[in-house]
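> Supplied in structure tokens, the structure appears directly below.
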Amino acid sequence: MEFWESSFIEKQTMWGFEAADSAILTKDFFLEKNVKDILLPGFGYGRNAKVFKENGINVTGIEISKTAIDLARQHGIDSRIFHGSVTDMPFDKQLYTGVFSHALIHLLNKEEREKFIKDCYEQLKPNGYMIFTAVSKKAPMFGKGKQLDKDYFEIMDGVKMFFYDFDTIKQEFGQYGLIEISEVDEPNKDMKNKPSINFFMIKCKKR
């Protein structure tokens, strides 16, 4: 995680402050389902939180980077944000009607992913929804760098990624109310010459 902290300003510049396409799609879904309060593990500097807040959805975040939290505050985002790692969830006993986590779960190892999914599910209210975006094997980084395990690579120094397919999604999310798997290509909106990255959107409902 030290890599993410030390390179955070560069990362912030790269992604800008426009919400990810998957966050916009999730916002629309949450509004349709009357979701009013959500947890955002991997809050970052708030670029995705804004689209929910602007549409009347209350947001609570979890973010490991103090730099990211400070940037969010500087840009007027006043959400409650727990400073810590998602691997240490839960940070409170509150239950939420929605959970959205973008581009985070694939940075965790198998044990961390299993705990993270379970922790998010347990913080959902009955009939609540959780949506994750996870990098797929169609992403240009797949197979690059040092292979650590099946579909798990250190793509650059300190950056480890697990690449999902439909089978591994069903294996990891199947017991947590999995209702839909879709794909979305996320363009790099601030760097038009960079290729889009293919993500899965994984949608679950708490029964």
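> Residue under question is ILE77, and the condition is that it be surrounded by 14 or more Cβ atoms within 10 Å (Cβ to Cβ), in contact (Cβ under 8 Å) with a residue 24 or more places away in the chain, out of contact with any helix residue (DSSP H, G or I) (no Cβ under 8 Å at 6 or more places or on another chain) and over 26 Å from GLN175 (Cα atoms); does it hold?
So ILE77 fails the test.
> For the list (1) at pLDDT 95 or above; (2) in contact with a helix residue (DSSP H, G or I) (Cβ under 9 Å, 6 or more places away or on another chain); (3) hydrophobic (A, V, I, L, M, F, W, C), I need the number of the one condition that MET156 fails.
Status for MET156: all satisfied but (1).
> Follow-up question, since we're still on this one. Cβ-Cβ under 6 Å, sequence separation 6+ or interchain: first residue in the range 51-65 and in a strand (DSSP E or B), partner surrounded by fewer than 21 Cβ atoms within 10 Å (Cβ to Cβ) and of a type outside the set (A, V, I, L, M, F, W, C). Which pairs?
ASN58/ASP37; VAL59/LYS53; VAL59/SER79; THR60/ARG80; GLY61/SER79
> Identify, by number, the condition in (1) among the aliphatic types (A, V, I, L, M); (2) assigned to a loop (DSSP other than H, G, I, E, B); (3) at pLDDT 95 or above that ILE179 doesn't meet.
So ILE179 meets the others, but not (2).
> Filter the range 114-160 for residues that are closer than 30 Å to GLN94 by Cα and without any contact (Cβ under 8 Å) to a residue 60 or more places away in the chain and give the result.
Answer for the range 114-160, where residues must be closer than 30 Å to GLN94 by Cα and without any contact (Cβ under 8 Å) to a residue 60 or more places away in the chain: GLU114, LYS115, ILE117, LYS118, ASP119, GLU122.
> In the range 68-123, which residue that is among the basic types (Lys, Arg) and assigned to a helix (DSSP H, G or I) is farthest from ASN34 (Cα to Cα)?
Once the filter is applied, the top-ranked residue is LYS110.
> Condition first: hydrophobic (A, V, I, L, M, F, W, C) and in a strand (DSSP E or B). Now tell me which residues in the range 124-152 satisfy that.
Result: LEU124, MET130, ILE131, PHE132, ALA134, VAL135, LEU148.
> Follow-up question, since we're still on this one. Which one of the conditions (1) at pLDDT 95 or above; (2) of a type outside the set (Asp, Glu); (3) closer than 22 Å to THR26 by Cα does THR87 fail to meet, given that it meets all the rest?
Exception for THR87: condition (3).
> Go through (1) of a type in the set (A, V, I, L, M, F, W, C); (2) at pLDDT 95 or above; (3) touching a helix residue (DSSP H, G or I) at 6+ places or on another chain (Cβ under 8 Å) and name the single condition LEU71 misses.
With respect to (1) of a type in the set (A, V, I, L, M, F, W, C); (2) at pLDDT 95 or above; (3) touching a helix residue (DSSP H, G or I) at 6+ places or on another chain (Cβ under 8 Å), LEU71 is out only on (2).
The values are calculated or read from the model by the stated rules, or taken from the named source; none is laboratory data. Not measured: the values here are computed from a predicted model. For neighbour counting, all protein chains shown are included, and Cβ atoms are generated from backbone atoms with ideal geometry for every residue, glycine included.
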